[in-house]
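Undergrad: Just passing along the structure, written as structure tokens.
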Amino acid sequence: MISVIDFKNSKKSGTPISIVTCYDYWSAKIINETGIDAVLVGDSAAMVMHGYKTTINATIEMMIYHVSAVKKGLTDKFLIADLPFLTHKKGNKFLMNSVDVLMKAGAHSVKIEGAGGNLKAIKSVVESGIPVMGHIGLTPQSFNQLGGYRVQGKDDKTAELLIEDAKLLEEAGCYSIVLELIPSALAKTITENISVPTIGIGAGQYTSGQVLVLQDLLGMNKDFKPKFLKFFMDGFNQIKTALDQYDHEVKQNVFPSDKESF
Ligand code: KIV
């Protein structure tokens with residue numbers, strides 16, 4: 001299993017870090033047998049697993065539930081848990097209690113969205129001995145303020161702000177930083193200007209690693225195909241075909257046959 005030290009070493013050696021989200025036990029068991037370096041129980045669970053439109057609906061209870069399930073199947077991977085919406089804005093006690101329960105559920109690290117006003121909260125978590133992954137660019141918890149899911153840092157002024165944010169997160173003690181939905185040239189500049197690794201999603205090829213939502217890369221949502229996403233399998237249609245086949249065989253009295261009977 002990799003640790004925060006390996007994150008730093010990967011950047012130094014130029015070996016990209018692969019991360020995937022996961023929310024449940026059986027997917028965790030599959031990921032556990034792959035070469036993937038780390039797993040993120042993202043607050044995207046609210047959308048992917050619970051059908052909400054944004055991550056704002058993720059709660060600490062939801063995150064504990066998913067982290068616990070993933071942990072049971074994931075014996076051999078570094079596990080990062082998202083701090084859900086406003087967790088770090090409800091006072092230090094609430095923040096620390098939330099981090100506490102996520103770590104006790106099996107996380108090795110937490111991820112906190114945004115820089116600016118969150119630096120004090122990030123520092124206090126880091127100073128408590130808990131590794132924090134930062135997250136800038138398109139920060140889905142600020143979806144309403146950003147005016148939707150759009151590429152960030154497209155002009156010089158906002159690009160400068162993101163470079164500054166990345167430096168502040170490094171100073172605050174983040175061991176790595178997710179860069180979401182920003183131009184690849186900007187992701188390259190950020191990566192070159194900080195010493196901790198950057199993990200991209202929709203941020204091109206010059207980051208220190210990549211993260212994708214599991215269901216997205218498996219093609220489970222056939223209607224979600226943004227430019228940055230590659231389907232590594234046609235999950236929706238392959239699963240649908242299998243289910244249709246099962247339905248057909250049941251109705252044709254083909255399944256179960258003698259082979260599947262006692
Ligand atoms: O919640 C999530 O899945 C994330 C990734 C998109 C980085 O934060």
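Undergrad: With 160, 192, 249, 164 as the choices, which residue is of a type outside the set (Lys, Arg), over 30 Å from residue 9 (Cα atoms) and surrounded by fewer than 17 Cβ atoms within 10 Å (Cβ to Cβ)?
TA: From the options 160, 192, 249, 164, the qualifying one is 249.
Yes/no per residue for (1) in contact with a helix residue (DSSP H, G or I) (Cβ under 7 Å, 6 or more places away or on another chain); (2) under 24 Å from residue 168 (Cα atoms):
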{"site": "96", "(1), (2)": "no, yes"}
{"site": "101", "(1), (2)": "yes, no"}
{"site": "115", "(1), (2)": "yes, yes"}
{"site": "119", "(1), (2)": "yes, yes"}
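Undergrad: Going by the conditions given, is residue 99 more than 16 Å from the ligand (Cβ to nearest atom), modelled with pLDDT of 95 or more and crowded, with 21+ Cβ neighbours inside 10 Å?
TA: Yes.
Undergrad: Residue 28 versus (1) within 14 Å of the chain's Cα centre (by Cα); (2) within 14 Å of the ligand (Cβ to nearest atom); (3) more than 26 Å from residue 173 (Cα to Cα): which is the lone unmet condition?
TA: Residue 28 satisfies all of (1) within 14 Å of the chain's Cα centre (by Cα); (2) within 14 Å of the ligand (Cβ to nearest atom); (3) more than 26 Å from residue 173 (Cα to Cα) except (2).
Undergrad: Given the conditions (1) surrounded by fewer than 23 Cβ atoms within 10 Å (Cβ to Cβ); (2) at pLDDT 95 or above; (3) in a helix (DSSP H, G or I), which single one is not true for residue 144?
TA: In the conditions (1) surrounded by fewer than 23 Cβ atoms within 10 Å (Cβ to Cβ); (2) at pLDDT 95 or above; (3) in a helix (DSSP H, G or I), residue 144 misses (2) alone.
Undergrad: To continue, here is another question. Would you mind finding the one in 46, 69 that is under 21 Å from residue 221 (Cβ atoms), modelled with pLDDT of 95 or more, assigned to a helix (DSSP H, G or I) and away from the ligand (no atom under 15 Å from the Cβ)?
TA: 69
Undergrad: Scan (1) within 21 Å of residue 43 (Cβ to Cβ); (2) within 14 Å of the ligand (Cβ to nearest atom) for the single condition residue 169 breaks and write down its number.
TA: Condition (2) is where residue 169 drops out.
The values are calculated or read from the model by the stated rules, or taken from the named source; none is laboratory data. This one's a predicted model, so the numbers in the text were calculated from it and none came from an experiment. Heads up, the Cβs are rebuilt from the backbone with ideal geometry, glycines too, and the neighbour counts pull from every protein chain shown.
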